[in-house]
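Notes follow the structure.
The values are calculated or read from the model by the stated rules, or taken from the named source; none is laboratory data. All values reported here derive from a predicted model rather than from experimental measurement. Here Cβ is always computed from backbone atoms with ideal geometry, including for glycine, and neighbour counts include all displayed protein chains. Accessible surface is based on the protein model in full, side chains and every heavy atom, while ligands, DNA and RNA are left aside. Shrake-Rupley method; radii C 1.70, N 1.55, O 1.52, S 1.80 Å.
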Amino acid sequence: MDDMTVLERLLAERWSCRGYLSDEVPRETIERLLTVAGRTPSWCNTQPWEVTVLSGEATSSLVKAMAEDAEHWTPDIPFPAGYEGVYADRRRESGWQLYEAVGVAKGDRDASAAQMLRNFEFFGAPHAAIVTTTASLGPYGAVDCGLFIDSFLLAAQALGLGACAQAAIAMRAGVVREHLGLADDRQVVAGIAFGRPDPEHLTNTYRTNRVPLDEFVTFRD
């Protein structure tokens, strides 16, 4: 199988895993994953990402800290001001795919809120990675971290692991920074839940759609 076919397969089969088995991933596997992700290109080779990997009690401890703090919900990097047009349509479609998979009825705000809060439990994953950038690099540090996260997700897929990038964790930036003892200049970009996927979990039974080329590419000759 040629390299392009392998890449196409990994991208086609990857999904955001929201249900995990409880057994932990061996440290050597995690280190291999991170080594591969660390090859990600960055502006001027700054490699702005710093990653805190949580396992076992460390994962549970952060989950507890976020649950106990009901005040700090401010991200370091501003979230989208709103979703309009096709972006709102795509977001809505993805959300309803998730809700339908787990049996949340339209209009059931309590159930949808409970599903949203699972973000802050890392969906029960045994591991979590917290990805941060340095404030001095501005938006492009965050862009580079986004590239790192993509490499992480593809490496996880190649290793037979499930993973889910979680911008929601950035909503709790202050709690995360204080709990993990991160430096004041570190901005929380996202969390990544990862582990061995639970094939029986309802949230793992659907896949999101991708738009065709003519909806996002313009060729000029």
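For first residues located in the range 143-154 and under 18 Å from Cys44 (Cα atoms) and among the acidic types (Asp, Glu), partners that are open to solvent by 30 Å² or more (accessible area, probe 1.4 Å) and in a helix (DSSP H, G or I) and lie 6+ apart or on another chain with Cβ distances below 8 Å form the pairs Asp144/Trp43; Asp144/Leu137.
In this entry, Glu71 passes the filter for residues that are in a loop (DSSP other than H, G, I, E, B), more than 18 Å from Thr133 (Cα to Cα) and out of contact with any Pro (no Cβ under 7 Å at 6 or more places or on another chain). Taken over the range 27-53, the criterion of being assigned to a loop (DSSP other than H, G, I, E, B), open to solvent by 50 Å² or more (accessible area, probe 1.4 Å) and under 22 Å from Ser136 (Cβ atoms) is satisfied by Pro41, Thr46, Gln47.
When the range 165-186 is limited to residues that are assigned to a strand (DSSP E or B) and surrounded by fewer than 22 Cβ atoms within 10 Å (Cβ to Cβ), the one that is farthest from the chain's Cα centre (by Cα) turns out to be Arg186. Being β-branched (Val, Ile, Thr) and open to solvent by less than 50 Å² (accessible area, probe 1.4 Å) is a description that applies to Val63. Might you check whether a residue that is in contact with a Cys (Cβ under 6 Å, 6 or more places away or on another chain), surrounded by 11 or more Cβ atoms within 10 Å (Cβ to Cβ) and in a strand (DSSP E or B) occurs anywhere in the range 110-130? No: zero hits. In the condition set (1) free of Cβ contacts under 8 Å to residues at least 60 places away in the same chain; (2) in contact with a strand residue (DSSP E or B) (Cβ under 8 Å, 6 or more places away or on another chain), Phe120 is compliant with all but (2). For the residues Tyr87, Tyr83, the requirement of being open to solvent by 60 Å² or more (accessible area, probe 1.4 Å), in a helix (DSSP H, G or I) and among the hydroxyl-bearing types (Ser, Thr, Tyr) singles out Tyr87.
Taking the range 192-205 only, how many residues are within 26 Å of Met171 (Cβ to Cβ), part of a loop (DSSP other than H, G, I, E, B) and open to solvent by 50 Å² or more (accessible area, probe 1.4 Å)? Final tally of qualifying residues: 1.
Please determine whether any residue of the range 149-159 is outside any helix (DSSP H, G or I) and not aromatic (Phe, Trp, Tyr). Looking through the range 149-159, at least one residue is outside any helix (DSSP H, G or I) and not aromatic (Phe, Trp, Tyr).
Given the conditions (1) closer than 14 Å to Val188 by Cα; (2) in a loop (DSSP other than H, G, I, E, B), which single one is not true for Asp144? In the conditions (1) closer than 14 Å to Val188 by Cα; (2) in a loop (DSSP other than H, G, I, E, B), Asp144 misses (2) alone. Considering only the range 14-26, state which residues are over 12 Å from Ala163 (Cα atoms) and either small (Gly, Ala, Ser) or not in a loop (DSSP other than H, G, I, E, B) (or both). Passing the criteria: only Ser22. Of all the residues in the range 72-113, those that are of a type in the set (A, V, I, L, M), at pLDDT 90 or above and within 28 Å of Arg177 (Cα to Cα) number 2. The condition (being touching a helix residue (DSSP H, G or I) at 6+ places or on another chain (Cβ under 9 Å), under 19 Å from Val86 (Cβ atoms) and surrounded by fewer than 18 Cβ atoms within 10 Å (Cβ to Cβ)) is satisfied by just one residue among Thr208, Thr218: Thr208.
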